[in-house]
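Novice: I have a structure here, written as structure tokens, and I will follow up with some questions on it.
The values are calculated or read from the model by the stated rules, or taken from the named source; none is laboratory data. Everything quoted here is computed from the prediction, not taken from an experiment. Positions of Cβ are generated from backbone atoms using ideal geometry, with glycine treated the same way; all protein chains shown enter the neighbour counts. Accessible surface areas use protein heavy atoms only, side chains included; no ligands, DNA or RNA. Shrake-Rupley method; radii C 1.70, N 1.55, O 1.52, S 1.80 Å.
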Amino acid sequence: MLDKTLTQTELQNNAEFIARHIGPDAADQQHMLKALGSDSLNAFIDSVVPDSIRMQSALELGQSMTETQALEELRQLANKNQVLKSFIGQGYYNTKTPFVIQRNILENPAWYTAYTPYQPEISQGRLEALLNFQTMVSDLTGMDIANASMLDEGTAAAEAMTLCQRMSKSKSMTFFVDQDCLPQTIDIIQTRAEPLDIDVVIGNPQTDLAEQDVFGVLLQYPGASGEVRDFREVIDTAHNKKALVIMAADILSLMLLKSPGDLGADVAIGNTQRFGVPFGFGGPHAAYMATSEKYKRSLPGRLVGSSIDAQGKAALRLALQTREQHIRREKATSNICTAQVLLAVIASMYAVYHGPDGLRRIAERAHRLTTLLATGLQEGGAELVNSSWFDTLTVKTGDKTSAIHSAAQAAGINLRVIDDAHVGVSLDETTSVEDIKLLWVIFLGTTPETDTELAISAIPSALIRESEALTHPVFNRYHSETDMLRYIRKLSDKDIALDRSMIPLGSCTMKLNATAEMLPVTWPEFNSIHPFAPQEQTRGYREMIEQLESMLCAVTGYDAVSLQPNAGSQGEYAGLLAIRAYHKSRGEEHRNICLIPSSAHGTNPASAQMCGMKVVVVGCDENGNVDLNDLREKAELHSDNLSAIMVTYPSTHGVFEEGIGELAEIIHGHGGQVYVDGANLNAMVGLCQPGKFGGDVSHLNLHKTFCIPHGGGGPGVGPTAVGEHLAPFLPGHGELENKTSVVSAAPWGSASILPITWMYIRMMGAEGLRNATEVAMLNANYIAKRLGDAYPVLYTGANGRVAHECILDLRPIKESSGVTVDDVAKRLIDYGFHAPTMSFPVAGTLMVEPTESEPLVEMDRFCDAMLAIREEIRQVEAGEFPADSNPLVNAPHTAEVVTADEWTQSYPRSLAAYPLAYLRDAKYWSPVGRLDNVYGDKNLMCSCLPLSEYAED
Ligand SMILES: *Cc1c(COP(=O)(O)O)cnc(C)c1O
């Protein structure tokens, strides 16, 4: 006999995922509540979240589900998508993700759960993969320097436009765009140009450029039509006008075509999707940007460079960070923060896997099949628009156009819709001779007599590539699967990701990325769909997207959501554009002042600047709250021109500011809009809603709050959520109805990772999400409590509580011992941990956010490490360790250093390597010693090191 009857919930067992996602169990939660002097979780939450902003009812999201139930429901949606073979092209091509890469990178948490490599010592693996990416891009484009990825090709073109505007010696405010550019790129350029007062002229560069006075030119190579044009004269013409030239170049075509660098271009941009990254209905993919040495300081995004470590050994880290928004704010080169690291890693590994010979074969095959297709079409009487090509043809189809599309779809094929009289067809790595025969029948109705052996080149001879590419050993070494597997493993072994230990980053919410959430990403019904596939084939996607939009409305209390922005920075941009358009619609176009508290994340001022707004900084009071007096004064002063305020809530100082309602009232009173940066939504889901406590618009970061993994610095999704009055101004897309404000190349940005968030919300349900928020705050307060005596918690809210993160003040320690935040961060590596967020939002501090997913034992292990470090600091303070010979200043300790025959330090080797007992069971060894950043920026080197620098040689 059973001695207990099961409750309804236990019987259904559908809440089991909640307990998997939330680290601490009931007993652990009781333990923490006791430590915090609270009787219950409810009482604790009441002491944290101001009553005035609390939700009165539960989230309208339904019940939790098991992993299996949610996967089954999502499977039903996926089945409503139809996967046809795509010949659409237009910037997106079929590719074969090498299985060894799919399983060991794309589906491997050692890669996808890593954080952005700000801590270079524990990121050498992904930094090497990114350096390979940069080398690959600069080799193929023939440019000096390439960055570590852009968000997509369209935004890369727009960023290149502003680079040209900054760097060109021309005074013109006109930008010339090749009419044969990808349509989605042109739409993004127009969106980005408008608020910056840049005029965009679209035309044929070979005939129309001469008469224009411009600061920059964007050319597509090969063109969207497929034509391969020799741009040397155009580039000369542009340079004579002091204009700079950007070439948007297809990465695979560059294996056969003369590089943009060889043709004289100043900037090259493009997409690397076709290097092994699936369509994913538009993303995520890594775009690239490369330029010449002299513009390196104007390059947007992240840049990996080599430097040396404390032992003088070559090591990698992010270079020239002073360009970035974290430091330069509204003067930054760009607002890009999260980029596309995981996808850049995949693309670089695709090049490592195939090597130059393999890539040339792939390019040549696609090209020759295209020539075969073209020859057959012409022999069968079809007329082509382009007379040269790499892999794309534009066919004049006249009144047969719609019949051809129907015949294609009946045969399981999608072709590119251009207009009523033309059809586009693009071939790729996956095309076969059978496909060509099928395409002939579709276009001609019959099979021409063309000899399928015949396949000459149709690349103009003056444009045939002569320079070598990918000669570095890394691209020529790992071509057996065994070698490849071990190379991937060798790199991931160098890094700390969430699969090793807690990553306690403030503001970045490194929570569990559950396996069940990740599974659908590689379902063909989600990842093999072209972003511009016909609507009737993507019903499942659209339904899933609509559901997700309404889930996010339910969470935030807003009325409409756009999932197009593919990072938080892009969500900010889209949100500010909506505010701008709203003011304009009311005849108040002049409103251009954006108030931003001094504690704001760097993307806020950088995004405001991109919208043509003027940033006015508002101070904070001694409690870390927005100084309402200063705010009132500045709102008053700029009343006539006030556009918006951007506030982060709960604040970047990790507290719920009681004054948020009043703040919103002041801004609204002066006709401004309230932008609530939602990156800290992990402290609010199920408890309070920015759309209800005064916000007009927010962006959320699905790669923080909603379980999309960080991927080592991307991908991300940064939806923009707005109130009803701003809904008409959300991003549109040329592939949908309206084209106003297009912020991403694909209509739903990084669509293929949206199932991760859908799964999370579905499995957690209303109750689970709220519980996650509560435990996130419980965990943060527990850590603040355990560490507070050793490291003072800088800011707390009304009842001495923090929200979901806490700032530990290390400035007094610096005073008393000389030990810096850096020393503590690096020493944590010896203890096996990634450092918390350093010196943001306050210099000399560490910001810790445990999230709800960290179990109590792991948080205790982290606290034990932090307390042991405090004891080491005390020994420095007490003079027991000299300032230049202590475990902190020498951290991290490599195995090489600790096992060297000579040891002259004031402390024992065992303390260096095994300061706490748990390390004897599992020790992470930093592969390099502390990085020298200054050396790296002085001796900038951003592509693969010469072989002699590699230790194993
Ligand atoms: C992460 C973050 C952003 C930027 O998001 P990205 O996706 O990295 O562009 C903006 N604001 C805050 C407060 C953040 O924490």
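Novice: Which condition breaks for Asp630 when tested against (1) more than 12 Å from the ligand (Cβ to nearest atom); (2) closer than 26 Å to Thr845 by Cβ; (3) open to solvent by less than 10 Å² (accessible area, probe 1.4 Å); (4) in contact with an Asp or Glu (Cβ under 9 Å, 6 or more places away or on another chain)?
Specialist: Result: Asp630 fails condition (3) only.
Novice: Can you find a residue that is farther than 18 Å from Val819 by Cα and either charged (D, E, K, R) or surrounded by fewer than 17 Cβ atoms within 10 Å (Cβ to Cβ) (or both) anywhere in segment 885-892?
Specialist: No: zero hits.
Novice: Have a look at Met143, Met161 and point out the one that is in contact (Cβ under 8 Å) with a residue 12 or more places away in the chain, in a loop (DSSP other than H, G, I, E, B) and under 16 Å from Met247 (Cβ atoms).
Specialist: Exactly one residue qualifies, and that residue is Met143.
Novice: Looking at the structure I just gave you, is Glu153 open to solvent by less than 10 Å² (accessible area, probe 1.4 Å) and of a type in the set (Asp, Glu)?
Specialist: It is false that Glu153 is open to solvent by less than 10 Å² (accessible area, probe 1.4 Å) and of a type in the set (Asp, Glu).
Novice: Quick test of your reading of the structure: Arg874 fulfils all but one of (1) farther than 17 Å from Val819 by Cα; (2) open to solvent by 40 Å² or more (accessible area, probe 1.4 Å). Name the failing condition by number.
Specialist: So the condition that Arg874 fails would be (1).
Novice: Hey, could you check segment 381-428 for residues that are part of a loop (DSSP other than H, G, I, E, B) and of a type in the set (Ser, Thr, Tyr) and say which is surrounded by the most Cβ atoms within 10 Å (Cβ to Cβ)?
Specialist: Thr397
Novice: With respect to Pro731, determine if the residue is in contact with a strand residue (DSSP E or B) (Cβ under 9 Å, 6 or more places away or on another chain), away from the ligand (no atom under 13 Å from the Cβ), touching a residue at least 24 places away in the same chain (Cβ under 8 Å) and within 25 Å of Ser528 (Cα to Cα).
Specialist: So Pro731 fits the description; yes.
Novice: Okay, next question. Within segment 328-335, is there a residue that is modelled with pLDDT of 95 or more, under 33 Å from the mean Cα position of the chain (by Cα) and assigned to a helix (DSSP H, G or I)?
Specialist: No; the residues of segment 328-335 include none that is modelled with pLDDT of 95 or more, under 33 Å from the mean Cα position of the chain (by Cα) and assigned to a helix (DSSP H, G or I).
Matching residues to (1) open to solvent by 30 Å² or more (accessible area, probe 1.4 Å); (2) polar (S, T, N, Q):
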position: Leu196; (1), (2): yes, no
position: Gln212; (1), (2): yes, yes
position: Gly223; (1), (2): no, no
position: Leu252; (1), (2): no, no
position: Leu263; (1), (2): no, no
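Novice: Also, I was wondering about something else. Does Ile761 meet the test of being over 20 Å from the mean Cα position of the chain (by Cα), among the β-branched types (Val, Ile, Thr) and either assigned to a helix (DSSP H, G or I) or under 26 Å from Ser64 (Cα atoms) (or both)?
Specialist: So Ile761 fits the description; yes.
Novice: Inspect segment 297-314 for any residue being within 16 Å of the ligand (Cβ to nearest atom), surrounded by 23 or more Cβ atoms within 10 Å (Cβ to Cβ) and at positive phi and give the result as yes or no.
Specialist: So far as segment 297-314 goes, yes, one or more of its residues are within 16 Å of the ligand (Cβ to nearest atom), surrounded by 23 or more Cβ atoms within 10 Å (Cβ to Cβ) and at positive phi.
Novice: Still on this structure, I have one more. State the number of residues belonging to segment 324-343 that are in contact with a helix residue (DSSP H, G or I) (Cβ under 6 Å, 6 or more places away or on another chain) and away from the ligand (no atom under 15 Å from the Cβ).
Specialist: Qualifying residue count for the region: 0.
Novice: Out of Glu805, Glu880, I need the residue that is surrounded by fewer than 24 Cβ atoms within 10 Å (Cβ to Cβ) and either modelled with pLDDT under 95 or on the phi < 0 side of the Ramachandran plot (or both). Which one?
Specialist: Glu880
Novice: OK, next. Evaluate segment 385-398: report whether one residue or more is of a type in the set (Lys, Arg) and over 33 Å from the mean Cα position of the chain (by Cα).
Specialist: Checked segment 385-398: at least one residue is of a type in the set (Lys, Arg) and over 33 Å from the mean Cα position of the chain (by Cα).
Novice: Right, something else. Just give me the residues in segment 440-456 being at pLDDT 90 or above and in a loop (DSSP other than H, G, I, E, B), in sequence order.
Specialist: Selection gives Gly445, Thr446, Thr447, Pro448.
Novice: Follow-up question, since we're still on this one. Can you confirm whether Glu662 is more than 16 Å from the ligand (Cβ to nearest atom) and closer than 18 Å to Gly619 by Cβ?
Specialist: When the stated conditions are applied, Glu662 passes them.
Novice: Can you confirm whether segment 270-285 contains a residue that is surrounded by fewer than 20 Cβ atoms within 10 Å (Cβ to Cβ), out of contact with any His (no Cβ under 9 Å at 6 or more places or on another chain) and part of a helix (DSSP H, G or I)?
Specialist: Among the residues of segment 270-285, not one is surrounded by fewer than 20 Cβ atoms within 10 Å (Cβ to Cβ), out of contact with any His (no Cβ under 9 Å at 6 or more places or on another chain) and part of a helix (DSSP H, G or I), which makes the answer no.
So that you can scan it fast, the table gives a plain yes or no per residue for (1) on the phi < 0 side of the Ramachandran plot; (2) charged (D, E, K, R); (3) part of a helix (DSSP H, G or I); (4) away from the ligand (no atom under 16 Å from the Cβ):
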position	(1), (2), (3), (4)
Tyr541	yes, no, yes, yes
Glu549	yes, yes, yes, yes
Tyr558	yes, no, no, yes
Glu572	yes, yes, yes, no
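Novice: Would you pick out the residues in segment 781-799 that are in contact (Cβ under 8 Å) with a residue 12 or more places away in the chain and not in a helix (DSSP H, G or I)?
Specialist: Listed by number, the residues that qualify are Ala790, Tyr791, Pro792, Val793, Leu794, Tyr795, Thr796, Gly797, Ala798, Asn799.
Novice: Of the residues that make up segment 877-887, is at least one of a type in the set (A, V, I, L, M) and out of contact with any strand residue (DSSP E or B) (no Cβ under 9 Å at 6 or more places or on another chain)?
Specialist: Looking for residues that are of a type in the set (A, V, I, L, M) and out of contact with any strand residue (DSSP E or B) (no Cβ under 9 Å at 6 or more places or on another chain), one finds at least one in segment 877-887, hence yes.
Novice: Quickly run through segment 611-627 and pick out the residues that are open to solvent by less than 20 Å² (accessible area, probe 1.4 Å), closer than 24 Å to Thr837 by Cβ and either part of a helix (DSSP H, G or I) or touching a residue at least 40 places away in the same chain (Cβ under 8 Å) (or both).
Specialist: The one that is open to solvent by less than 20 Å² (accessible area, probe 1.4 Å), closer than 24 Å to Thr837 by Cβ and either part of a helix (DSSP H, G or I) or touching a residue at least 40 places away in the same chain (Cβ under 8 Å) (or both): Gly624.
Novice: Enumerate the pairs (first residue in segment 336-361 and at positive phi; second residue anywhere and open to solvent by less than 10 Å² (accessible area, probe 1.4 Å) and more than 15 Å from the ligand (Cβ to nearest atom)) with beta-carbon separation below 9 Å, excluding pairs fewer than 6 apart on the same chain, so at least 6 apart or on different chains.
Specialist: If the second residue must be open to solvent by less than 10 Å² (accessible area, probe 1.4 Å) and more than 15 Å from the ligand (Cβ to nearest atom), the pairs left are Gly355/Leu470; Gly355/Phe475.
To keep it simple, each residue is scored yes or no on (1) more than 35 Å from the chain's Cα centre (by Cα); (2) on the phi < 0 side of the Ramachandran plot; (3) at pLDDT 95 or above.
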| position | (1), (2), (3) |
| --- | --- |
| His893 | no, yes, yes |
| Ala912 | yes, yes, yes |
| Ala922 | no, yes, yes |
| Val928 | no, yes, yes |
| Asp953 | no, yes, no |
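Novice: Can you report the number of residues in segment 198-254 which are under 27 Å from the mean Cα position of the chain (by Cα) and assigned to a helix (DSSP H, G or I)?
Specialist: Selection size over segment 198-254: 2.
Novice: Here is a further query. Against the condition within 20 Å of Pro792 (Cβ to Cβ), among the small types (Gly, Ala, Ser) and open to solvent by less than 30 Å² (accessible area, probe 1.4 Å), how does Ala865 come out, does it pass?
Specialist: yes
Novice: Please go through segment 455-486 and pick out each residue that is surrounded by 19 or more Cβ atoms within 10 Å (Cβ to Cβ) and farther than 19 Å from Pro946 by Cα.
Specialist: Ala455, Ala458, Ile459, Leu463, Arg465, Met484
Novice: When the residues of segment 164-188 are filtered to those that are assigned to a helix (DSSP H, G or I), farther than 21 Å from Ser259 by Cβ and not polar (S, T, N, Q), which remaining residue is most open to solvent (accessible area, probe 1.4 Å)?
Specialist: Arg166
Novice: For segment 675-699, enumerate the residues that are under 20 Å from Leu577 (Cβ atoms) and within 10 Å of the ligand (Cβ to nearest atom).
Specialist: Within segment 675-699, Asp677, Gly678, Ala679, His699 qualify.
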